[in-house]
Amino acid sequence: MRYLHDVYPDATYRHVPYAGRKGLTVSGYGKRLPMHYMVRIGQRLYRMRCICFSNAGTPWVRVRGEQFIFSDCNHKQEV
């Protein structure tokens, strides 16, 4: 996986609550856990997901079939 800011430096993120149940696990651990954030690249929004198998998780986004690790310190938050 590569970092999102290396490929899409102008991407922004925003808080959008996830209302569904798909992807959530009883244990809270998994590879594709949906998060309450979305990333905007151009005019399109992509749901942020999390890989979590211990106390720390890694947020990521799939754009055009490729996974990118998300680091919020490199992107602006929309208001």
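Here the residues VAL39, VAL7, ranked from fewest to most Cβ neighbours within 10 Å of their Cβ, fall in the order VAL7, VAL39.
Candidates TRP60, CYS50, GLY30 compared by Cα position along the dipole of the chain: farthest toward the positive end lies GLY30, with charges placed on Cβ.
By the count of other C-beta atoms within 10 Å, a proxy for reagent exposure, ARG49, ARG2, ARG62 are ordered fewest to most as ARG2, ARG62, ARG49. The fewest-to-most ranking of CYS73, CYS50 by surrounding Cβ atoms within 10 Å reads CYS73, CYS50. What translational diffusion coefficient, to the nearest whole µm²/s, does the chain have by Stokes-Einstein, given a Kirkwood radius computed over alpha-carbon pairs, a temperature of 4 °C and 1.567 mPa s viscosity? Here the translational diffusion coefficient equals 100 µm²/s.
In order along segment 43-49, the Karplus-derived 3J(HN,Hα) couplings, from 6.51 cos²θ - 1.76 cosθ + 1.60 at θ = phi - 60°, round to 9, 9, 9, 10, 6, 7, 10 Hz, and Gly and Pro are given as x. Which residue, THR25, THR58, THR12, has the most motion in a Gaussian network model of the chain that connects Cα atoms within less than 10 Å? It is THR25.
The numbers here are math on the coordinates, done by the rules we state, and not lab data. Everything numeric in this text was worked out from a predicted model, so none of it was measured. No Cβ is skipped: glycine too gets one built from the backbone with ideal geometry, and neighbour counts run over all protein chains shown.
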